[in-house]
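The values are calculated or read from the model by the stated rules, or taken from the named source; none is laboratory data. Model, not experiment: these values are computed from the prediction. Here Cβ is always computed from backbone atoms with ideal geometry, including for glycine, and neighbour counts include all displayed protein chains.
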Amino acid sequence: MNQTLALNPNPLVHFLDKPTVDFSKADLVRFIEANGIQMVNFRYSAADSRLKTLNFIIKDRQHLDSILSAGERVDGSSLFPNYVEAGSSDLYVIPRYRTAFVNPFSEIPALDILCSYYDKDGQPFANSPEHILRRSHEVLKQRTGLSFEVMGELEYYIISEQDRLFEAVDQRGYHESSPFCKWEKLRIEAMQAIARCGGYIKYGHSEVGNFTESGLSYEQNEIEFTPVCLEEAADQLMIAKWVLRSLAYKHGVTVTFAPKITTGKAGSGMHVHTRLMKNGTSVMLDDGKLSETAKKAIAGYLDLSQSLTAFGNMIPTSYFRLVPHQEAPTNICWGDRNRSVLVRVPLGWGSKHDMITDANPQEKDTQKGFGSRQTVEFRCPDGSADIYLLFAGLTVAARHGMEMKNSLKVAEQTYVDVNIFEEQHKSRVSELQQLPFSCVQSAGFLQKQRKIYEEHDIFPPKIIDGLIRHLRSFNDEELRDLVKDNEKEMMKLVNTYLHCG
């Protein structure tokens, strides 16, 4: 057994003794035959950002070979109603072998595989969000020589019947332990299932948000991933949301990734951490300090932040979370370890102090240098995001920042080292631009900056047009003011978008 893979929880990695990136068709056939797999499931993202499913009961080896070699046809107009016409709607779904995993929930032993879309000519379907993501990464690599690694923080609420034993303090659930954290077991079960499906998890914990209302308990949790290759990062978030929903259904509770759950309580975001790499080495730090490359990428995020909401904040209640004086950002700025900004530079182990030896004097020969862990965090997205389009947009923004002539000046002018929500810093806020306050306004910013996304044939115009139409259809410019004092209307909105993304 390859010792670097010995602790990997993915059964296919153990059986095949190779990393997922090296999986071949022959490998999958060998695993299926040796492990009694009876069913193959194709899974693929659609316009609603949820995984869709096509089931195959394996008849014989020839049938299995056909499934894995040719893929299958699907109705693109039903999967992408805004981008595919019914008159020419057939698409192919072709499995990506590296994404294969054993289904953790199926009563019939099953192997699931994520798929890519191809058109009638056998070319990647240009309007597929997954292809747009791949294309954005190709262009970044070609033009900068850098690759992109990303990870998401997946926040969610579990809604269950109220348990009056060991109730946590309202809005004080951050990193709480059981029995005050009621759904730690579900979180751990989800983490194990995600890891077995190929996800690379950093950690899980309970979050700030918790409250009870009308006999129901609302408990917020979070699962955070480790930075991996851009495309893989998107895939594992899609799988993670499916795993959490499946487990919630199994346990008879509701899970929601919605950005707003009720008035006056913490909403759920989906912060995205990013780092740029060259030949497998991070370029985010230079001699222990944030590098010029990192600052240029930050400038790109900030310059496109208003239009990035079109991919990362896609429902009206997204903008009920993005309000002043809460941890969700509203001002377009960045800072170190500062949770009031849009782009945060978290602690990154740039210090040369040997903390592990200080905490453990018996350890004399410790590993030094963890600067590669430095990331830059984009804080406005939420669970309504189209993960593939959001990550593609951030990739475009990072490259845009490196190609802007004034990017370092933009970074300098937008740096903030104070809590800008405090009254004494109002003058600083007045100097900053603001994020949109509605889907309609987000659509306007996307229209204004669309050429940056369309450049180098990354985002097809049809995708941009469809998103703009979709966002404008909410007609929500005055919505925050209309329902701010109306609890009944607010909860109607919350319930409408409870299962977004």
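I'd like to know if segment 195-208 contains one or more residues that are within 30 Å of Asn103 (Cβ to Cβ) and of a type in the set (Asp, Glu). For segment 195-208, residues within 30 Å of Asn103 (Cβ to Cβ) and of a type in the set (Asp, Glu): present. Residues in segment 435-484 that are more than 18 Å from Met314 (Cβ to Cβ) and of a type in the set (Phe, Trp, Tyr): none. Take the residues in segment 470-501 that are among the acidic types (Asp, Glu) and part of a helix (DSSP H, G or I), then tell me which one is surrounded by the most Cβ atoms within 10 Å (Cβ to Cβ). Top of the filtered list is Glu489. Does Thr263 satisfy the condition of being out of contact with any His (no Cβ under 9 Å at 6 or more places or on another chain) and either closer than 26 Å to Pro104 by Cα or modelled with pLDDT under 95 (or both)? It is true that Thr263 is out of contact with any His (no Cβ under 9 Å at 6 or more places or on another chain) and either closer than 26 Å to Pro104 by Cα or modelled with pLDDT under 95 (or both). Being over 16 Å from Asp382 (Cα atoms), assigned to a helix (DSSP H, G or I) and charged (D, E, K, R), is that true of even one residue in segment 271-289? The answer is no, given that none of the residues of segment 271-289 is over 16 Å from Asp382 (Cα atoms), assigned to a helix (DSSP H, G or I) and charged (D, E, K, R). Evaluation of Asn2 against the conditions (1) surrounded by 14 or more Cβ atoms within 10 Å (Cβ to Cβ); (2) farther than 30 Å from Asp75 by Cα shows that the sole unmet condition is (1).
Say whether the condition of being assigned to a helix (DSSP H, G or I), over 20 Å from Ser307 (Cα atoms), free of Cβ contacts under 8 Å to residues at least 24 places away in the same chain and β-branched (Val, Ile, Thr) is met by at least one residue in segment 458-465. No, because not a single residue in segment 458-465 is assigned to a helix (DSSP H, G or I), over 20 Å from Ser307 (Cα atoms), free of Cβ contacts under 8 Å to residues at least 24 places away in the same chain and β-branched (Val, Ile, Thr).
Of all the listed residues (Glu219, Glu213, Glu231), the sole one being within 30 Å of Glu487 (Cα to Cα) and modelled with pLDDT of 95 or more is Glu219. Residues that are farther than 22 Å from Val376 by Cβ, touching a Phe, Trp or Tyr at 6+ places or on another chain (Cβ under 9 Å) and hydrophobic (A, V, I, L, M, F, W, C) are absent from segment 390-404. Could you list, in sequence order, the residues of segment 290-330 that are under 22 Å from Val208 (Cβ atoms) and not in a loop (DSSP other than H, G, I, E, B)? Result: Gly312, Ser318, Tyr319, Phe320, Arg321. Among the residues of segment 327-342, are any under 18 Å from Val283 (Cα atoms), at pLDDT below 95, in the same structural domain as Asp457 (by TED's automatic domain parsing) and not small (Gly, Ala, Ser)? Yes, segment 327-342 has at least one match.
Would you check if there is a residue in segment 408-419 being part of a helix (DSSP H, G or I), in contact with a helix residue (DSSP H, G or I) (Cβ under 8 Å, 6 or more places away or on another chain), farther than 20 Å from Gly300 by Cα and touching a residue at least 12 places away in the same chain (Cβ under 8 Å)? No, segment 408-419 contains no residue that is part of a helix (DSSP H, G or I), in contact with a helix residue (DSSP H, G or I) (Cβ under 8 Å, 6 or more places away or on another chain), farther than 20 Å from Gly300 by Cα and touching a residue at least 12 places away in the same chain (Cβ under 8 Å).
Here is a yes/no grid of residues against (1) touching a residue at least 24 places away in the same chain (Cβ under 8 Å); (2) buried (at least 16 other Cβ atoms within 10 Å of the Cβ):
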| position | (1), (2) |
| --- | --- |
| Val139 | yes, yes |
| Glu161 | yes, no |
| Glu167 | yes, no |
| His175 | yes, no |
| Ser178 | no, no |
| Trp183 | yes, yes |
| Glu189 | yes, yes |
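Taking strands (runs of 3 or more DSSP E) as the structural unit, those lying wholly within segment 192-260 and holding at least 3 residues that are in contact (Cβ under 8 Å) with a residue 60 or more places away in the chain and under 24 Å from Val494 (Cα atoms) correspond to 216-225, 254-256. Reported count of residues in segment 423-454, each being in contact (Cβ under 8 Å) with a residue 24 or more places away in the chain, part of a helix (DSSP H, G or I) and either surrounded by 13 or more Cβ atoms within 10 Å (Cβ to Cβ) or among the polar types (S, T, N, Q) (or both), is 12. Here the helices (runs of 4 or more DSSP H) wholly within segment 13-100 that include at least 3 residues being assigned by TED's automatic domain parsing to the domain that holds Leu114 and within 30 Å of Gly466 (Cβ to Cβ) are 76-79.
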